[in-house]
Amino acid sequence: MSVHPSLQPSIDAWTQSIEAISELVSPLVEGEWNRPTECPGWSVRDVVSHIIGAECEALGDPRPIHSLPRDLYHVKDEASRYNEVQVDVRRHHTAPEMTSELEYTIIRRSRQLRNEKRDPSYLISHPVLGKLTLEQFLRYRAFDVWAHEQDIRRALGRPGTLDTPGALIARDIMLERLPKVIAKDAAAPRRSAFVFDVSGPVEFLRTVRVDQDGQGSVSSSPSLGPLVTFTMDWETYSRLACGRVRVRRVADKIKIEGDADLANTILTNFSVTH
């Protein structure tokens, strides 16, 4: 048996992004590991630690027994507390320790994924993500690793890979969660429509509609009378959707037509990541 065809795209995207991360960080000197990223409270070292930890847990390794300091301002809920353990336990690791553990983790996880025989519908129970299928989990890992690759690239001033398979998976997951952002989180009016016109390496035009019951849906069909039209580039969209930047910092990169107050409420609630 080989890997199920529906799992392979996520595995390929994950492989490309995590190998790119390894290439980015392998030549870094000690001080460069401490550069801040757009992930609140996390340096380049912390982002890599999170990736190592997440993949080790996917491998079935036991979680480290570790007490977090009380003064971590960015740890605000149980999900961030859960993620922080794998990060904080590595905060004093040296550059060679980080690169060697990352490389070893990639080798182990790649081997596991090449030999993955479980059905895509196999149910996984994740402490942060909840219950989800193996296919959903691997899609999320591809999304997560691509997003963190972008964090590292921005921190190091090494832009790129905005149109890779990982970027396309990230786009799809962001769009799947967009109706909730608008209909529930921003409490948009019923019987309304919102258009997103995104340009750049990944470009798309999508309409989110809120029906008479307050339920949101997204489609590629245009709307003739949207309440708001948002126009921005792909990198700005992804930074907002991943919760990496506040609206005011990228306001010059966003064109808004329509209800400005409602637009601001939507963009303030735009993050779809855990």
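Taking the criterion of being under 13 Å from MET174 (Cα atoms), open to solvent by less than 10 Å² (accessible area, probe 1.4 Å) and among the aliphatic types (A, V, I, L, M), the residues of region 204-248 that qualify are VAL208, LEU240, ALA241.
Out of all the residues in region 5-20, which are more than 26 Å from ALA155 (Cα to Cα) and open to solvent by 80 Å² or more (accessible area, probe 1.4 Å)?
From region 5-20, those more than 26 Å from ALA155 (Cα to Cα) are 5-9; that's our starting set.
Listed by number, the list holds a single entry, PRO5.
Can you say whether ASP163 is more than 30 Å from GLU32 (Cβ to Cβ), of a type in the set (D, E, K, R) and surrounded by fewer than 20 Cβ atoms within 10 Å (Cβ to Cβ), as far as the supplied structure shows? Spell out the reasoning first.
Working: more than 30 Å from GLU32 (Cβ to Cβ): no; of a type in the set (D, E, K, R): yes; surrounded by fewer than 20 Cβ atoms within 10 Å (Cβ to Cβ): yes.
So ASP163 does not fit the description; no.
GLY60 versus (1) open to solvent by 10 Å² or more (accessible area, probe 1.4 Å); (2) in a helix (DSSP H, G or I); (3) farther than 16 Å from VAL145 by Cβ; (4) not β-branched (Val, Ile, Thr): which is the lone unmet condition? The single condition GLY60 does not satisfy is (2).
Scanning region 70-85 turns up at least one residue that is free of Cβ contacts under 8 Å to residues at least 12 places away in the same chain, more than 22 Å from the chain's Cα centre (by Cα) and assigned to a loop (DSSP other than H, G, I, E, B).
Taking the conditions (1) assigned to a strand (DSSP E or B); (2) surrounded by 12 or more Cβ atoms within 10 Å (Cβ to Cβ) in turn, SER125 satisfies each one other than (2). Quick check: is even one residue across region 160-176 of a type outside the set (Gly, Ala, Ser) and over 23 Å from ARG206 (Cα atoms)? No, there is no match, as no residue in region 160-176 is of a type outside the set (Gly, Ala, Ser) and over 23 Å from ARG206 (Cα atoms). Against the numbered list (1) under 16 Å from the mean Cα position of the chain (by Cα); (2) farther than 16 Å from ILE11 by Cα; (3) aliphatic (A, V, I, L, M), MET98 comes up short only at (1). Looking across SER49, SER6, one residue alone is of a type in the set (Ser, Thr, Tyr), under 20 Å from VAL145 (Cβ atoms) and more than 16 Å from the chain's Cα centre (by Cα). It is SER6. Out of ASP197, ASP151, which single residue is under 27 Å from PHE230 (Cβ atoms) and in contact with a Cys (Cβ under 6 Å, 6 or more places away or on another chain)? After applying the criteria, what remains is ASP151. Restrict the check to region 21-29 and report whether at least one residue is of a type in the set (Asp, Glu), in contact (Cβ under 8 Å) with a residue 12 or more places away in the chain and either assigned to a helix (DSSP H, G or I) or open to solvent by 80 Å² or more (accessible area, probe 1.4 Å) (or both). Within region 21-29, none of the residues are of a type in the set (Asp, Glu), in contact (Cβ under 8 Å) with a residue 12 or more places away in the chain and either assigned to a helix (DSSP H, G or I) or open to solvent by 80 Å² or more (accessible area, probe 1.4 Å) (or both). Restricting LEU134, LEU68, LEU123 to those that are under 30 Å from GLU30 (Cα atoms) and hydrophobic (A, V, I, L, M, F, W, C) reduces the list to LEU68.
Scanning region 249-270 for residues that are under 24 Å from HIS148 (Cβ atoms) and either open to solvent by 50 Å² or more (accessible area, probe 1.4 Å) or in contact (Cβ under 8 Å) with a residue 60 or more places away in the chain (or both) yields ARG249, LYS253, THR268, ASN269, PHE270.
The values are calculated or read from the model by the stated rules, or taken from the named source; none is laboratory data. Everything numeric in this text was worked out from a predicted model, so none of it was measured. Note: ideal-geometry Cβ built from the backbone for every residue, glycine included; neighbour counts use all protein chains shown. Just the protein is used for accessible areas: all its heavy atoms, side chains included, with ligands, DNA and RNA removed. Shrake-Rupley method; radii C 1.70, N 1.55, O 1.52, S 1.80 Å.
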